[in-house]
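Right, one structure below, let's go through it.
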Amino acid sequence: MKKLLVTGSSGLIGSEVCLYFANQGWAIYGVDNNQRAVFFGSQGDTRWSQQRLQSLIKGFVHYEVDIRDRQAILDLIDSLRPDAIVHAAAQPSHDLAATIPFEDFDTNAVGTLNLLEATRRFVPEAPFVHMSTNKVYGDAPNEIPMVELEKRWDYADPIYQYGIPESLRIDQSKHSLFGASKVAADIMVQEYGRYFGLKTCCLRGGCLTGPNHSGVELHGFLSYLVKCNLEKKTYKVFGYKGKQVRDNIHSYDVAHFIEEFIQTPRSGEVYNLGGGKENTCSILEAFDIVASLTGKNMEYEYVDKNREGDHICYYSDLRKMKTHYPNWSITKSLQTIFTEIVAGWLSRNQ
């Protein structure tokens, strides 16, 4: 039986990957020390997700290991010798990073290096999938000419009619400290592919979402927005008139792409992983969709200052992914994603 090691296994993507590959017959090993609860408090706690994996996956092995602990990571990969590694552990908030720069960089950059070097030493043939972020582009996407519509911004330049390609530059822009630490990790993952020949890829995620997200204000936009609607909490909109646009991809479709890559891996690849143009919505449009599902109007307040380095409009050009892996496509529509997130929060609050 093949072994899969997943870091951040209790998080949204990590848990989805664990369940997906368990259903494909893999033995699943998870690394997660619930650091999300340290970063975001009790609302970010993922122990419920860990317990869910332990109840649903036969033989699931959980390691309470911090990826910043270099020796522990070396020892783990040396002893386990996994057939593939999915690295989904991170400090994920670009707002929070400014207040904890050492913890952010040590988690995102150094933790990734620890895993890469352990892979190179002990299982160099194992595909290594890194969950990067579209924040590696910094605010460079904001330089693209925009058109303002009634409830959203969109690209005015026809070059970007399909979204942001992987060729967009990642330097000479404002990233947030989170974006910068993820750039360091992203480049290192590429380098271990190009320099050492490891089978690595960086998945530059947009809004990765789904019903198993422990969404909080500083991370997990769609999940947190739905939670606020259901609980009649005031949602804060930061700048851009609430017309900022994101593409949303269900965690299942992320896991499916990871499977495609592991089956036919490449070295040092980069893919923009999002829902694409069809799965885009602005914050104002998201308010309308969730209200139509719950029957509750959105309560929000507008803060006339955008987050530092935040994107006005961002959606992923999926053409490279689909060219390299033609068996992969988006299967979960935006409406389905909203419906599942609403149901997920309702089931958790029963």
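Read-outs: derived from the displayed coordinates by stated rules, not from any lab. Quick caveat: nothing in here was measured; it's all calculated off a predicted structure. We place every Cβ from the backbone using ideal geometry, glycine too, and count neighbours over all the protein chains shown.
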| query | Among Lys151/Lys233; Lys151/Lys241; Lys2/Lys58; Lys227/Lys296; Lys151/Lys277, which pairs are too far apart, with a Cα-Cα distance over 20 Å? | reply | Lys151/Lys233
| Against the longest alpha carbon principal axis of the chain, how many degrees, from 0 to 90 and to the nearest 10, is the axis of helix 70-80 turned? | 70
| remark: The correct pair for the range 3-348, radius of gyration to one decimal and Dmax as a whole number, both in Å and from Cα atoms, is 19.0, 57
| task | State the extension gain, in nm to one decimal, for the chain segment bounded by Leu56 and Phe102, taking 0.36 nm per residue of separation less the distance between their alpha-carbons. | result | 13.0 nm
| query | If we count every other residue with Cβ under 14 angstrom of Glu301's Cβ, Lys/Arg +1 and Asp/Glu -1, where does the sum land? | reply | +2
| Per residue Cα convex hull volume in Å³ - calculated over the range 117-228 | 153
| query | Over the Cα atoms of the range 227-350, how large are the radius of gyration and the largest Cα-Cα distance (Dmax), in Å? | reply | 16.8, 48
| request: For the range 238-343, state which trypsin sites (Lys or Arg not before Pro) are in a DSSP loop and have at most 16 other beta carbons lying within 10 Å of their beta carbon. | output: Arg266, Lys296, Lys305, Arg307
| message | Between 0 and 90 degrees, rounded to the nearest ten: what's the tilt of helix 283-294 against the longest Cα principal axis of the chain? | response | 90
| request: Show that you can apply the helix-only estimate: for the chain, add -39,500 (n - 2.57) for every DSSP H stretch of four or more residues, divide by all residues, and state [θ] at 222 nm to the nearest 500. | output: -11500 deg cm²/dmol
| request: May I ask for the angle, rounded to the nearest 10°, between helix 47-56 and the longest principal axis of the chain, with both axes built from Cα atoms and the value confined to 0 to 90°? | output: 60
| query | Looking at the chain, what % of its DSSP beta bridges pair antiparallel, to the nearest 5? | reply | 15
| said: What FRET efficiency comes out for Leu149 versus Ser329 if R0 is 35 angstrom and r is the Cβ-Cβ distance? Round to the nearest 0.05. | reply: 0.85
| field | Fully extended contour minus Cα-Cα distance, from Gln24 to Lys320, at 0.36 nm per residue | value | 104.0 nm
